[in-house]
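K.L.:
Just passing along the structure, written as structure tokens.
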Amino acid sequence: ALPIWENVATVSIFYGQKHRKELDAAQKVADFYHVPHYELDLSKIFQYSNCSLLSHSTEEIIHESYEDQIAQNGEGKVSTYVPFRNGLMLSAVASLAMSLFEKDDVDIYLGAHADDAAGNAYADCSEAFTDAMGKAISIGTYEQCHLVAPFVEVNKAGIVKKGLELGTPYELTWSCYEGGDRPCGTCGTCIDRARAFAANGVPDPALEEK
């Protein structure tokens with residue numbers, strides 16, 4: 001069995017998304033590593049947004065790559081951008097970290113990566129954003145909490161490569177914006193994920209028949 005890491009905790013955010021697949025997957029990953037997992041609810045903050053990812057939205061999720069969306073609409077936010085989501089998430093997690101680890105210095109890890117920041121599709125995944133939020137979190141927590149974004153300059157293929165080296169249980173993870181029994185394969189994040197595994201010459205374990 002893997003060791004229990006007493007100084008590690010994981011967090012998921014329910015923000016009103018159309019399904020719980022990613023939340024359930026996060027719990028499974030936390031269970032795999034034997035670490036405590038917390039789920040925060042920020043859904044009421046996003047009840048006024050019509051982002052296509054949200055359960056109350058009147059918009060459909062676009063089934064095209066981010067590249068194609070940017071080619072058609074120009075650089076800037078894509079339809080699946082949730083208003084300042086990462087900023088709200090990081091603020092909530094900083095508060096949680098100060099509560100859970102009152103006497104410790106805490107590193108808060110964010111998985112933002114270069115593919116999401118490309119073309120300014122998700123401004124809250126950019127290096128400028130993570131730098132600014134990191135400074136704000138450090139100041140606002142009396143230098144107790146520190147934002148770490150190890151993949152902010154790395155594309156998804158690079159993340160998959162590192163995960164394969166570390167034995168990441170990719171079969172437990174979920175990326176698709178839809179909530180079906182299997183990933184749709186055609187939304188922006190599914191396309192990015194497929195390309196990332198293909199670039200590493202391996203099949204995506206999450207797509208294997210259970």
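K.L.:
Scan the stretch 65-97 for residues that are among the hydrophobic types (A, V, I, L, M, F, W, C) and closer than 16 Å to Glu39 by Cα and report the count. Write out each step before concluding.
P.N.:
Step one: of the stretch 65-97, the residues among the hydrophobic types (A, V, I, L, M, F, W, C) are 70-71, 78, 82, 84, 88-90, 92-94, 96-97.
Then drop every residue that is not closer than 16 Å to Glu39 by Cα, which leaves 88-90, 92-94, 96-97.
Of the residues in the stretch 65-97, 8 are among the hydrophobic types (A, V, I, L, M, F, W, C) and closer than 16 Å to Glu39 by Cα.
K.L.:
Still on this model: So which residues in the stretch 89-112 are open to solvent by 50 Å² or more (accessible area, probe 1.4 Å) and touching a strand residue (DSSP E or B) at 6+ places or on another chain (Cβ under 6 Å)?
P.N.:
Once the filter is applied, which keeps residues that are open to solvent by 50 Å² or more (accessible area, probe 1.4 Å) and touching a strand residue (DSSP E or B) at 6+ places or on another chain (Cβ under 6 Å), the stretch 89-112 yields Asp107, Tyr109.
K.L.:
Looking only at the stretch 51-88, how many residues end up being open to solvent by less than 70 Å² (accessible area, probe 1.4 Å) and in a loop (DSSP other than H, G, I, E, B)?
P.N.:
Our first condition is that a residue be open to solvent by less than 70 Å² (accessible area, probe 1.4 Å); within the stretch 51-88, this holds for 51-54, 57, 61-62, 64-66, 69-70, 74, 76, 78-83, 85-88.
Cutting the leftovers down to in a loop (DSSP other than H, G, I, E, B) gives us 51-53, 57, 61-62, 64-65, 74, 76, 78-83.
So the count comes out to 16.
K.L.:
Moving on to the next point. So if I check each of Ala97, Ala25, Ala9, which one is within 26 Å of Leu207 (Cα to Cα), at pLDDT 95 or above and of a type outside the set (Ser, Thr, Tyr)?
P.N.:
Answer to the selection: Ala25.
K.L.:
May I ask you to list the residues in the stretch 127-150 that are surrounded by 20 or more Cβ atoms within 10 Å (Cβ to Cβ) and either of a type in the set (Asp, Glu) or not in a helix (DSSP H, G or I) (or both)?
P.N.:
Hits for the stretch 127-150 are Cys145, Leu147, Ala149.
K.L.:
For Asp116, state whether it is free of Cβ contacts under 8 Å to residues at least 60 places away in the same chain, under 23 Å from Tyr170 (Cβ atoms) and either assigned to a strand (DSSP E or B) or open to solvent by 50 Å² or more (accessible area, probe 1.4 Å) (or both).
P.N.:
No.
K.L.:
A follow-up question, please. Can you pull out every residue in the stretch 5-22 that is surrounded by fewer than 17 Cβ atoms within 10 Å (Cβ to Cβ) and of a type in the set (A, V, I, L, M)?
P.N.:
Correct list: Val8 only.
K.L.:
Please go through the stretch 162-177 and give me each residue that is surrounded by fewer than 17 Cβ atoms within 10 Å (Cβ to Cβ) and either part of a helix (DSSP H, G or I) or touching a helix residue (DSSP H, G or I) at 6+ places or on another chain (Cβ under 6 Å) (or both), ordered by number.
P.N.:
Once the filter is applied, which keeps residues that are surrounded by fewer than 17 Cβ atoms within 10 Å (Cβ to Cβ) and either part of a helix (DSSP H, G or I) or touching a helix residue (DSSP H, G or I) at 6+ places or on another chain (Cβ under 6 Å) (or both), the stretch 162-177 yields Lys162, Gly163, Leu164, Glu165, Leu166, Pro169, Glu171.
K.L.:
If you don't mind, there's one more thing I want to ask. Of these, Thr173, Thr168, which one is among the polar types (S, T, N, Q), within 20 Å of Ala25 (Cα to Cα) and free of Cβ contacts under 8 Å to residues at least 24 places away in the same chain?
P.N.:
Of Thr173, Thr168, the one residue that is among the polar types (S, T, N, Q), within 20 Å of Ala25 (Cα to Cα) and free of Cβ contacts under 8 Å to residues at least 24 places away in the same chain is Thr168.
K.L.:
Now, a different point. Return yes or no: is Ala26 part of a helix (DSSP H, G or I) and either among the small types (Gly, Ala, Ser) or within 18 Å of the chain's Cα centre (by Cα) (or both)?
P.N.:
Criteria met by Ala26.
K.L.:
Are there any pairs, at least 6 apart or on different chains, whose C-beta atoms fall under 7 Å, with the first in the stretch 84-97 and within 25 Å of Asn50 (Cβ to Cβ) and the second at pLDDT 95 or above and open to solvent by 50 Å² or more (accessible area, probe 1.4 Å), and if so, which?
P.N.:
Filtered contacts from the stretch 84-97: Leu88/Ile45.
K.L.:
I've got another one for you. If you go through the stretch 178-196, how many residues are touching a residue at least 40 places away in the same chain (Cβ under 8 Å), crowded, with 18+ Cβ neighbours inside 10 Å and either among the aliphatic types (A, V, I, L, M) or touching a helix residue (DSSP H, G or I) at 6+ places or on another chain (Cβ under 6 Å) (or both)?
P.N.:
The qualifying residues number 4.
K.L.:
Does any residue of the stretch 62-76 turn out to be within 16 Å of the chain's Cα centre (by Cα) and without any contact (Cβ under 8 Å) to a residue 60 or more places away in the chain?
P.N.:
No, there is no match, as no residue in the stretch 62-76 is within 16 Å of the chain's Cα centre (by Cα) and without any contact (Cβ under 8 Å) to a residue 60 or more places away in the chain.
The values are calculated or read from the model by the stated rules, or taken from the named source; none is laboratory data. Computed from a prediction, not measured in an experiment: that's the story for all the values here. Heads up, the Cβs are rebuilt from the backbone with ideal geometry, glycines too, and the neighbour counts pull from every protein chain shown. Ligands, DNA and RNA are stripped out before the accessible areas are found, and what is left, the full protein with its side chains, is counted by its heavy atoms. Shrake-Rupley method; radii C 1.70, N 1.55, O 1.52, S 1.80 Å.
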